[in-house]
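Below is one structure, written out as C-alpha cells, with a few remarks after it.
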Amino acid sequence: MSIFLVRHGETALNVSRTLQPAETPLSERGEAQARAVARRLAGARIAAVVSSDLPRAALTAKAIAGACSLPIVWEPLLQERNFGDLRGRAYDTLGFDPLTLVGAPPGGESAADFRDRVARAFDRIVRLREGLEGNLAVVTHGLVIGALLSAHVRLPPGTALPGRLGNTSLTVIDARSPHAVALLDCVRHLDAEASDDTRSLSGG
C-alpha cells in the first residue's frame, strides 16, 4: 500500500506570487482542480484522508474525502511553513528568496524548525498508514512535500527534485521504508480549464 501526497489546489495568491496568510482559500480554478484530483483518487483504494487544517488544503481535502466517502483527520503539523510578517507580501518584491530562508522571519518559523515539524508529521503519517487496509491520502503544501522529498523518501535513480510542484499534483510513495517514489508531481488529472499555472508560487 502507498501514501498519496497531494498539494492543495490553486489560490489567487499562488497566481499573484504572494506569500499567503493562513486563511487563504482556493480560487475558482483551485476548486476545479480539487474536484479533478478527487475524481482521480475516488478509484485509488483510499482508506483515510489526513490534511493540513489551513483552508486551501482543507478545501482540497474535503473534495477528496467526499469523493471517497471518508472523514478527514486534521493534522496541524502538515501546515505550510510559517513566514510570519512576510505573509501577504509579494515574493518578487522582497529582493531575496524567502522559500530558502534559513533563519526565522519576524513572527515566523526557521528552516530548521520547519524541517523538524515536517519530520514529526511524517512519523505520524507513516504510523497512521500502518493501521489501514488501503492507501492514505495526505493533503498538504508545496514546501512540506518538498521537505518530505528531500529528506524522507527515495527518488528513482537519476531523478532530481522538482523545482516546482503543481497545484493538486500527486506524488505516490511506498508506505514502507525507504519510501520509494512511484509517481512524482503528476497533474495528468487536470484538463485545460483547470490546468496548473506554472508561473505561480509552489510554496509559501
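Couple of notes before you dig in:
- Qualifying residue in segment 49-56 (condition: crowded, with 20+ Cβ neighbours inside 10 Å and more than 17 Å from Gly142 (Cα to Cα)): yes
- The set of residues from segment 16-43 being farther than 22 Å from Gly84 by Cβ and either in contact with a strand residue (DSSP E or B) (Cβ under 6 Å, 6 or more places away or on another chain) or not small (Gly, Ala, Ser) (or both) comprises Leu26, Glu28, Arg29, Glu31, Gln33, Arg35, Val37, Arg39, Arg40, Leu41.
- Residues that are crowded, with 17+ Cβ neighbours inside 10 Å, of a type in the set (Gly, Ala, Ser) and closer than 13 Å to Ser150 by Cα within segment 169-182 are absent altogether.
- Within segment 13-59, the set of residues being in a helix (DSSP H, G or I), among the charged types (D, E, K, R) and either more than 22 Å from Arg188 (Cβ to Cβ) or free of Cβ contacts under 8 Å to residues at least 24 places away in the same chain (or both) comprises Glu28 only.
- Entry remark, segment 183-199: residues being part of a loop (DSSP other than H, G, I, E, B), of a type outside the set (S, T, N, Q) and surrounded by 15 or more Cβ atoms within 10 Å (Cβ to Cβ) number 5 in total.
- Leading residue by the ranking (surrounded by the fewest Cβ atoms within 10 Å (Cβ to Cβ)) among those in segment 127-146 that are in a helix (DSSP H, G or I) and more than 16 Å from the chain's Cα centre (by Cα): Arg127
- If the condition is being assigned to a helix (DSSP H, G or I), touching a residue at least 40 places away in the same chain (Cβ under 8 Å) and closer than 21 Å to Ala38 by Cα, then segment 67-91 contributes Cys68, Leu78.
- Complete set of residues in segment 147-195 that are under 18 Å from Ile64 (Cα atoms) and among the acidic types (Asp, Glu): Asp185, Asp191
- Among residues of segment 163-172, those that are farther than 17 Å from Glu80 by Cβ and in a loop (DSSP other than H, G, I, E, B), counted: 1
- Set side by side, the residues Thr168, Thr100, Thr140 differ, and just one is of a type in the set (S, T, N, Q) and on the phi > 0 side of the Ramachandran plot, which is Thr168.
Laboratory data are not the source of any read-out in this text; all were calculated from the coordinates shown. All values reported here derive from a predicted model rather than from experimental measurement. All Cβ positions, even for glycine, are placed from backbone atoms using ideal geometry, and neighbour counts span all protein chains on display.
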